[in-house]
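Below: the structure, in structure tokens.
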Amino acid sequence: MLFEVRTYRLKPGALNEVIKRFGEAYEHRKKYSELAAFFFTEIGPLNEITHIWPYESLAHRAEVRIQAAENPNWPPDIGEFQYQMQSEIFVPFPFTPEFKPGKWGPVFEWRSYSMTPGAMGGTINRWGTAIDKRTELSPVLMAMHTDLGPLNKFVHIWPYESLEHRREVRGKAQAEKIWPPPGGAGSLVTQDNKIVFAAPFSPIQ
């Protein structure tokens, strides 16, 4: 399984119209393959949407995209609102769920880290030994690393009931030394985070 993560930056004031048009077009697109999730940023880079598409393989992705392109209702008519587009291919960490639909949030923290070359394997191992204790406090929605796009990058997404719930969980995890896994700070190059919400048509809420 792999995930294509497409991130679009929009012109100010366009977000609501883009979500509306995308949702209408998605009704025609989902018969070829369904979304994993569709998020928009609330805190962080504003006027940004992120849609995540699961595929069995790159060949499956190519096949689906050819089929969808033949539908006159796809892609959504949002080009006038976009000024930047990015596509990345991610592979999930072996111990994380694969974007199971349902009510997880409504608040999602999206954390994106870049690592020194060769460090990803050690990161996955450290996470594997610590993730069970961490998810006793709150679940992880996904942890995944790039296969195509900026290399040595991984993203982890954490759902919370509220920003206060996030603060409480993170405080407890740090105080009890449950999280983050020890030994990884030296391999980090950059860290970014943002708070995102799900669009009404997103399978994950």
>> Quick check for you: which residues of segment 183-205 have the amide N under 19 Å from the point 7 Å beyond the Cα of residue 46 toward its beta carbon?
In response: 193-199
> Expressed as a rounded percentage, what relative contact order does the chain have, with Cα pairs under 8 Å and six or more residues apart?
Replying inline: 30 percent
>> With n ≥ 4 as the cut-off for DSSP H runs, can you work out [θ] at 222 nm for the chain, using -39500 (n - 2.57) per run divided by the number of residues, rounded to the nearest 500?
In response: -9000 deg cm²/dmol
>> Charges at C-beta only: +1 for Lys and Arg, -1 for Asp and Glu. How large is the resulting dipole of the chain about its Cα centre, in Debye rounded to 20?
In response: 400 debye
>> Could you work out what % of the accessible surface of segment 1-83 is carbon and sulfur, using a 1.4 angstrom probe and leaving DNA, RNA and ligands out of the count?
In response: 50 percent
>> So I have (i) 106, 19, 11; (ii) 34, 18, 15; (iii) 30, 19, 16, and one of them is semi-axes √(5λ) of the Cα gyration tensor in Å calculated from this model. Which one is it?
In response: (iii)
> Between residue 100 and residue 56, what is the spin-label point distance in nm, taking each point 7 Å from the Cα along the Cα→C-beta axis?
Replying inline: 2.3 nm
> Carbon and sulfur: what percent of segment 101-205's accessible surface (1.4 Å probe)?
Replying inline: 54 percent
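Could you give the length gained by full extension between residue 91 and residue 20, i.e. 0.36 nm per residue of separation minus their alpha carbon distance, to one decimal place?
On the way: separation 71, 0.36 × 71 = 25.56 nm, distance 2.93 nm.
My answer for the length gained is 22.6 nm.
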> Using alpha-carbon positions, what is the distance between the centroids of segment 21-64 and segment 175-205, in Å?
Replying inline: 21 Å
> Can you give the relative contact order of segment 35-127 as a percent, counting alpha carbon pairs under 8 Å and 6+ residues apart?
Replying inline: 20 percent
> Dipole size in debye (nearest 20) for segment 104-205 around its Cα centre, Lys and Arg Cβ +1, Asp and Glu Cβ -1?
Replying inline: 200 debye
> Extension gain residue 34-residue 174, at 0.36 nm per residue separation less the Cα-Cα distance, in nm?
Replying inline: 46.7 nm
> For the chain, with every protein chain kept in place, what is the accessible area per residue (1.4 Å probe, Å²)?
Replying inline: 50 Å²
> What is the extension gain from residue 82 to residue 201, computed as 0.36 nm multiplied by their sequence separation minus the C-alpha to C-alpha distance, in nm to one decimal?
Replying inline: 40.8 nm
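Would you mind checking 11/194; 133/153; 100/133; 103/133; 100/177; 20/172 for any pair whose Cα atoms are more than 30 angstrom apart? Numbers along the way, then the final one.
Values: 11/194 19 Å; 133/153 24 Å; 100/133 20 Å; 103/133 22 Å; 100/177 28 Å; 20/172 39 Å.
Result: 20/172 exceed 30 Å.
The values are calculated or read from the model by the stated rules, or taken from the named source; none is laboratory data. Remember, it's a predicted structure, so these values are computed and weren't measured experimentally. For neighbour counting, all protein chains shown are included, and Cβ atoms are generated from backbone atoms with ideal geometry for every residue, glycine included. Note: accessible area is taken over every heavy atom of the protein model, side chains too, but ligands, DNA and RNA are not part of it. Shrake-Rupley method; radii C 1.70, N 1.55, O 1.52, S 1.80 Å.
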